[in-house]
Structure formats: structure tokens, C-alpha cells
Amino acid sequence: MKKGRRSKGTQYYFRKKTFPFHQYWLMYFTECYSDKTEKDFGTFIKAKSYSLAKIILKQKSMEDDATVKLKAVCGYMMHKDYRNNRSNQKLSTFDWENIRSSCFPNLNNFLFKKEIPRPEGYTNKYNQTCYDHVKKIGFKKGASNWSTQNRKGKHKKLSERKGLKWNGDHWVDWGKEEMLNTKNKIMDSLISNNNNRTHAAKSLKISRSTIYKLMLRCENIEWWNTNFPPPKPSPPQVSSKQRSITQKKVMQKRKDNGEEDFFRIDNCDINDKRLRNLRLSKAKKRDEYRKSLIPKIKNALKENQNNRLKAAISLNVKRGTLKAWMQRTKCWIDWNKEY
């Protein structure tokens, strides 16, 4: 009978969730000192998520002593059904008061931590390492090594694999037609992907390391770089602050060499022409807008028997605004004579 998958506990879901309000986390961690000694501690952190609680703990530890490093950080959220492992009882009101008073952050900015002594013989807070067993497992050195017994004399360097193919036991000659077909496929994929090796490998549905190995078996690396040079990497993104500092340094060097800012050059025909064109375009737009107001003002005055106040109310503007419109359009029509 197959065993079912082990169900995930409530703490797993608590650690993945971000709460809208602060929770109390019981954090266990190990401090590593400069003399290579270690001590285990436990403390309470107040945070909205487990990841934030770990960040707060590490930042406070760095603030207290930068030489101490933390490892094996693990936390448990304190909830209403939380039970103590020793007594297997729920937390009482007195326990909750102690948790609230000893958690960090607090007004005193002090991290209360309790040392948890390690059992005798333990190399970490979880278990003890049997070094005799560690020596017996893993890859063996010397003649008893599996690679020495099975691959010695068969392994070849990448530079020595040109025109060869691995058949599962040893290297054999690669057929010219098969090698040419593979070479053409790689060339087509490189051309279609702008010589990008990673994208070419994805189009061929192989890994990047595999396409490099196939390329070296067909031609040497100099041939590929000459005929299909890889694209230059894009420059790293620079922050706007750093870009501004760099631009200021460049402009200062140009000023020291006697150059002037292009926007401070006086008596320049190009700048005069540009300013003149800008002014003409603005004047043209302004005149078009004012001419579009004339028919609206005429209709409003006719409907209200030339009464300026009533005409302004019908246009949903103030009387002063209507007066300003009539003043600015009097070059095309004499309002006092006609209305």
C-alpha cells in the first residue's frame, strides 16, 4: 500500500502569507562568532510576515555586532491554538503578556534573546555529525575511483573532440554528412537569432552547453567567432542620479577646455530662427482660438439684446472674461459700433 503525501502544517501557510496586522513570531537562530564558535538562541519578533521578521532579526543583529553572522534561522507564528512542545498546552494570558513585553521592535530598541544549550556531542542545533561516516561516503580518490576505473583513457578534452562522436562507450569518427547537417542547423539557428547562442540553443531545444560542445566538434571556436560573432552585451542600467553626476563631470571638462554650453551661445542664427518659428506658431494658434470666439460672442449678444452681463451668463463665464475676449478680438470687429 502506497503511503500518501505528507500534509503541510499550518506554519507552512503562515510563512507564505502577509497579514494586514502585526503577528508575533518565535524565531530560532544560530550565531557564528569570529573564533568559529556557535551558540543557539530564541527570540520574539513582531512583523506582518515571516520574511519581514527574518529581515528585522538580521538587521538588528548586524546593528548590534557586525562580526556576528546568523544561520539556521527558523520561525513559528504564535496563534491562538499554538501549543508548547514540552507541556503540549495552549498559551495562557500570562504567556501572551510575556511575549508582547519581550518582542522586538520595542521602545528600548533591545533584542531579548534566550540561549538554548546544545546537547552534548551535537555539531548544530538539529543533530550531530559523524565524521567517520562522512569519510566513508562520497567520491573516493585514487585507483578505487569510479571515473578512474571506467573512464580512464576514454575521456577527451573539448579541443580534441573535433570530428568525433560519443557512442556510449568510446569516441568514434563522426560521419561527414551527419556533421555537416548538424553544422547547418546550428548556423541557421544562429542567423535567425542574431548570433545569440542562448536563443539558438532554445530554438534547437537543447541546452547552451550542448550547443557549444556541438559547435566545437564541427569547427574551432575562432571560426565561429569570426563568421558568427556573438552580439555585444547590453550596457548595465545606470540610475538617473549616477547618470546626472556623470553628465555634470563631462560638461565640466568641456567647460575647462574652453567650450560653451549650446543653449548659452549668443547671436546664433540657428537659435534666432528657431525662436522666431516658435513665436509665429504660437501667434497663429492664438489667433485661431480668438477668431473661434467671435461667432459665440455675436450669438450671445443677439439673444440678450446686447446686454454684456446676460451674455456672459449664457456663455457660462464671468463678465470680465467676456470683456477680455471682446478686447482681444476688436482688431477684427468693432463691438461698440455693431453691438
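Determine whether region 79-90 contains at least one residue that is touching a strand residue (DSSP E or B) at 6+ places or on another chain (Cβ under 6 Å), open to solvent by less than 80 Å² (accessible area, probe 1.4 Å) and closer than 28 Å to Asn127 by Cα.
no
Table: residues versus (1) surrounded by 12 or more Cβ atoms within 10 Å (Cβ to Cβ); (2) charged (D, E, K, R).
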site	(1), (2)
Asn145	yes, no
Arg151	no, yes
His155	no, no
Trp166	yes, no
Asp173	no, yes
Asp188	yes, yes
Asn195	yes, no
Ala201	yes, no
Ser209	no, no
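Could you tell me which residue of region 96-130 is nearest to Tyr82 (Cα to Cα), considering only residues that are out of contact with any Ser or Thr (no Cβ under 9 Å at 6 or more places or on another chain) and in a helix (DSSP H, G or I)?
Filtering region 96-130 for residues that are out of contact with any Ser or Thr (no Cβ under 9 Å at 6 or more places or on another chain) and in a helix (DSSP H, G or I), the one nearest to Tyr82 (Cα to Cα) comes out as Trp96.
Can you find a residue in region 58-74 that is at pLDDT 90 or above, among the hydroxyl-bearing types (Ser, Thr, Tyr) and within 26 Å of Asn127 (Cβ to Cβ)?
yes
Just checking, does region 181-188 include any residue being at pLDDT 80 or above and farther than 29 Å from Pro230 by Cβ? First the steps, then the outcome.
First, pick out the residues of region 181-188 that are at pLDDT 80 or above: 181-188.
Narrowing further to those that are farther than 29 Å from Pro230 by Cβ: none.
No, region 181-188 contains no residue that is at pLDDT 80 or above and farther than 29 Å from Pro230 by Cβ.
Please go through region 32-55 and give me each residue that is over 20 Å from Asn98 (Cα atoms), under 22 Å from the mean Cα position of the chain (by Cα) and not in a strand (DSSP E or B), ordered by number.
Matches in region 32-55: Tyr50, Ser51, Leu52, Lys54, Ile55.
Those residues that are touching a Phe, Trp or Tyr at 6+ places or on another chain (Cβ under 8 Å) and closer than 30 Å to Phe41 by Cβ, I need them from region 107-157; list them, please.
Phe110, Leu111, Phe112, Lys113, Lys114, Glu115, Ile116, Lys125, Gln128 - these are the residues of region 107-157 that are touching a Phe, Trp or Tyr at 6+ places or on another chain (Cβ under 8 Å) and closer than 30 Å to Phe41 by Cβ.
Would you be able to say whether some residue in region 40-61 is open to solvent by 30 Å² or more (accessible area, probe 1.4 Å), under 18 Å from Glu115 (Cβ atoms) and among the charged types (D, E, K, R)? Let's see the steps before the verdict.
Kept after step one, since they are open to solvent by 30 Å² or more (accessible area, probe 1.4 Å), are these residues of region 40-61: 44, 46, 48, 51-52, 54-56, 58-59.
Restricting the remaining residues to those that are under 18 Å from Glu115 (Cβ atoms) gives 44.
Checking which are among the charged types (D, E, K, R) leaves us with none.
Among the residues of region 40-61, not one is open to solvent by 30 Å² or more (accessible area, probe 1.4 Å), under 18 Å from Glu115 (Cβ atoms) and among the charged types (D, E, K, R), which makes the answer no.
The values are calculated or read from the model by the stated rules, or taken from the named source; none is laboratory data. Nothing here was measured: the structure is a model prediction, and the numbers come from that model. A quick note on method: Cβ atoms are made from the backbone with ideal geometry, for glycine too, and the neighbour counts reach across all protein chains shown. Just so you know, the surface numbers come from the protein's heavy atoms only, side chains and all, with ligands and any DNA or RNA stripped out. Shrake-Rupley method; radii C 1.70, N 1.55, O 1.52, S 1.80 Å.
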